[in-house]
Number of protein chains: 2
Amino acid sequence: MTQGRLIGAVEAGGTKFVLALAREDGTILMRERIATETPATCFPAMAAFFDAAQDAHGRIDAFGVASFGPIDIDPASPAYGTFTTTPKPGWAGARFHDVLGRFGAPIVVDTDVNGAAMGEWMAGAGQGCDTVAYTTVGTGIGTGVVNRGRSLLGFSHYESGHILPPHDRAADPFGGACPYHGDCLEGLACGPAIEKRWGRSLDQLGTAEVELVAGYIAHLAATLVLLHMPDRLIFGGGVMKAPGLIEAVRRQTEAKLGGYVKHPRLDAGLERYIVLPGLGDDAGITGAIALGQKILGIGALRQG
Amino acid sequence: MTQGRLIGAVEAGGTKFVLALAREDGTILMRERIATETPATCFPAMAAFFDAAQDAHGRIDAFGVASFGPIDIDPASPAYGTFTTTPKPGWAGARFHDVLGRFGAPIVVDTDVNGAAMGEWMAGAGQGCDTVAYTTVGTGIGTGVVNRGRSLLGFSHYESGHILPPHDRAADPFGGACPYHGDCLEGLACGPAIEKRWGRSLDQLGTAEVELVAGYIAHLAATLVLLHMPDRLIFGGGVMKAPGLIEAVRRQTEAKLGGYVKHPRLDAGLERYIVLPGLGDDAGITGAIALGQKILGIGALRQG
C-alpha cells in the first residue's frame, strides 16, 4: 500500500475512550468515541472498531494506548498493560493486551498524561524542548514527563495528584475529596472536588475561587520545576479552561519560586513557560498515535 | 602499568573538599581533605594534589567531580562545570575545567547528590534498584535521582530543598531560614535552620523536635515517591544522624502516602524503602569515583 504503515491508537480516559486509525505520519483515517463504562462494553467496542479499520485500510502495524490508571506501564513486567488498583468498577485486572493481542501487532501502553506529554513534545506546545511536563487537571490530576525523548518511569508511573500541598483551612475550609488523602492536590483541585465544594464548575465561579484553585496548581507547578526542571510546563484538562486560571497559576508559581531558579525560559510572567496544550483536546489521541510512532521507530521524524 | 587506568575524584562539599586518586576498580590510592574556602585557595590545592598523585602513580585517565551547586552540569552547555548563582563568596563563575583541564583527561561534573546517588546505586544501598533517590539533609537539602543508570537532569539539576511543605505555624512558629523562600524545606529542616531555631543540632534535641523535622523530611520523601517512584529512598547528611530521625521519617512518610501507592518494596514500616547510605560518609567520594568510572565505560561492571 502506498499509505505506509498503520497505527491503532487508543486514548482511554476516565469518561471517554477515543479510538483512531492513523497513518504512520499521524494523519487520522478513522476515529470513534465511546463512553468509558466497563471492559465488558468497552473492550468489544474497541475490537469491533479495529476490525472495521483493518477491513477498510489494511493490517495494523502497531498499537499505541494512552490510558487512565493506575496501570502497569513497565514493558518488562508480566502484567504490562493491566489496570492495577483503580477504584473504577470492573477495571482492576483488565488488560489491553486481552483485546488488542489478537491483531498480532506490537502494543505500547503508557499513561494518558505520558501519552499527552509525548504528543505535545512531538507535535504540540513541547516541540523543541528537552524536558516537558504535561499535567491534566480534570476528573483527576496527573503528570507525565518526557525527558530527552522518553517518558520517565520509576517502579510505576508518577502520581502527582496525590502530593499534599499547604492547605490553609481558614481560607479554604473544604476537607478535600480524595478517599486516600483528603486534601491532596486532587482532593482539593480536580473537577469533582471543585463541584463538591462549590456546587458548580470553576468556569462558573469567581476570581476568589479561581485564585484559590490556582494556588494548589501552582504548588504542583513549582514542585515540578524543583524535581524535574522541565523546559516547559503544559497544563490541560477541563478545569484549566476556566477563564483567568492559567494566568493566576503563572503569577502564583513565579511567587512561589521566589526568583531562585534561573533560566532564560523562566521569563518574567512565565507566559512562555506555563502554557495550555498546543494540541488542545487532541493531545490525548495524538499522544497515543505518538506512542505507536515510537514503536515504528519514526518518532524522531516529528521532533521539532 | 598493571594497576589499570586511574581516576581523579573530587567531592566538592559546602564545608570540605575530598580529593582522591583511585584505580579504575574504585580502590583509593591517595586521599586528602581540604576546607572549602574560595577557589583562590581550593583550586591550587587541588592542582597540587593531582600533580603529586600523577608523580606517584602515573597519568590520570579521567576526572569525576561531585560538587555542591548551583552548577552547570549539562555536558552540552558551553559553561559545563561552572558554578552559577551560588551565594558562596568567590564561587560564582568558578569552573572545575580551569584547574583540571590541563591534565588532558576527560572531566565529568555532576552535583554532589547525583554523585552520591550514583555511588550508592553502584556500590551502596541502591544496588539492584532501577531508580534510586539520594537526598542529603545537612548544610543544605538536595536530591539526586539515578534512573536506569543515568542521573536525571532537566534544564538544570534538581533543587528539592526549595519545595514548600505544609508549615503549621502554631506547632512551629519559626519563620524559616531560606533567603529566597523563608519556610521551604531547606529553610525549615537543614542543619543551619535547626541551629538557628533551637540553638543546637538535632542530635542534642528531644523527640518533639525530631518528629517536627521528620515531618518536613517526610513531605519530601512522599513527594519524591509521587514524582519519581524510586525503588529506594536514601537519606544522608549530618542531620540524618540524629537518633530516631530515620524511623520517624519512615512512619510519617507511610502516613502521608496513606496506602495509595502499592509496591512490594513499599513494605509496612518502610524499613527497606527509606534507608541511610550504605557507603556512610564515603558516599560522596565514591560517587565522584563512580562518575569517573562511567566515563571510562566501566560503570556497568559494578552494578548489582
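The values are calculated or read from the model by the stated rules, or taken from the named source; none is laboratory data. Computed from a predicted structure; not experimentally measured. Don't worry about glycine lacking a Cβ; one is built from the backbone with ideal geometry, like all the others, and counts go over all protein chains shown. Remember, those area values only see protein heavy atoms, side chains included, never the ligands or the DNA or RNA. Shrake-Rupley method; radii C 1.70, N 1.55, O 1.52, S 1.80 Å.
Here the peptides A:69-80, A:136-147, B:119-130 are ranked by packing, the mean other Cβ count within 10 Å, and the order with the highest first is A:136-147, B:119-130, A:69-80.
Placing +1 on the Cβ of every Lys and Arg and -1 on the Cβ of every Asp and Glu, with nothing else charged, gives chain B a dipole about its Cα centre of roughly 280 debye.
What a 1.4 Å probe finds exposed on the stretch A:214-283 is 52% carbon and sulfur by accessible area, rounded to a whole percent. Other protein chain C-beta atoms within 10 Å of residue C-beta, averaged over B:258-264: 5. At 24 angstrom or more along the helix axis (alpha-carbon based) and mean Kyte-Doolittle of -1.0 or higher, what helices does chain A contain? Whole DSSP H runs only. Taking the DSSP H segments of chain A (at least 24 Å long, mean hydropathy at least -1.0), we get A:39-57, A:207-228.
Pairs of Lys residues in chain B that lie 8 or more places apart, or on two chains, and have C-alpha atoms under 25 angstrom apart add up to 7. Within 10 Å of the Cβ of each residue in B:126-133, the mean number of Cβ atoms contributed by other protein chains is 2. Only one residue of B:His263, B:Ile246, B:Cys190 has its Cα farthest out toward the positive end of the dipole of the stretch B:125-276, where Lys and Arg carry +1 and Asp and Glu -1 on Cβ, and that residue is B:His263.
Distances from A:Gly128 to itself in the other copies, using label points 7 Å out along the Cα-Cβ axis, amount to 4.7 nm in increasing order. Of the solvent-accessible surface of the stretch B:1-131, computed with a 1.4 Å probe over protein heavy atoms with every protein chain present, carbon and sulfur atoms account for 52 percent. The same position A:Asp168 in the other copies lies at 1.8 nm from this copy, comparing label points 7 Å beyond Cα toward the beta-carbon, shortest first. Using 0.36 nm per residue and subtracting the Cα-Cα separation, the extra length available between B:Lys241 and B:Glu32 on full extension is 72.9 nm.
Shielding by partners for peptide A:226-238, expressed as the average number of C-beta atoms from other protein chains within 10 Å of each residue's C-beta, is 4.
Taking all protein chains together and a probe of 1.4 Å, list A:Lys256, A:Lys262, A:Lys294 from the most accessible to the least accessible. Intermediate results must be reported in sequence, preceding the final value.
Values: A:Lys256 55, A:Lys262 125, A:Lys294 90 Å².
Most to least solvent-accessible, the answer reads A:Lys262, A:Lys294, A:Lys256.
Taking chain B as a Gaussian network of alpha-carbon nodes connected by springs under 10 Å, the highest mean-square fluctuation of the residues B:Ala268, B:Ala290, B:Ala116 belongs to B:Ala268. Taking the charge dipole of the stretch A:125-276 about its Cα centre, with +1 at Lys and Arg Cβ atoms and -1 at Asp and Glu Cβ atoms, the residue from A:Val132, A:His219, A:Gly161 reaching farthest to the positive side is A:Val132.
When only the Cβ of Lys, Arg, Asp and Glu is charged (+1, +1, -1, -1), the dipole of the protein assembly as shown relative to its Cα centre reaches about 440 debye.
With a 1.4 Å probe on protein heavy atoms only, work out how much accessible surface A and B bury together, total over both chains, in Å² to the nearest 100.
3800
For chain A, the solvent-accessible area works out to 37 Å² per residue, with a probe of 1.4 Å and every protein chain left in place. When A:Ser201 is represented by a point 7 angstrom out along its Cα-to-C-beta vector, the spacings to that point in the other copies are 5.7 nm, nearest first. Full extension of the chain between A:Ser77 and A:Asp98 yields a length gain of 6.0 nm, computed as 0.36 nm times the residue separation minus the alpha carbon distance.
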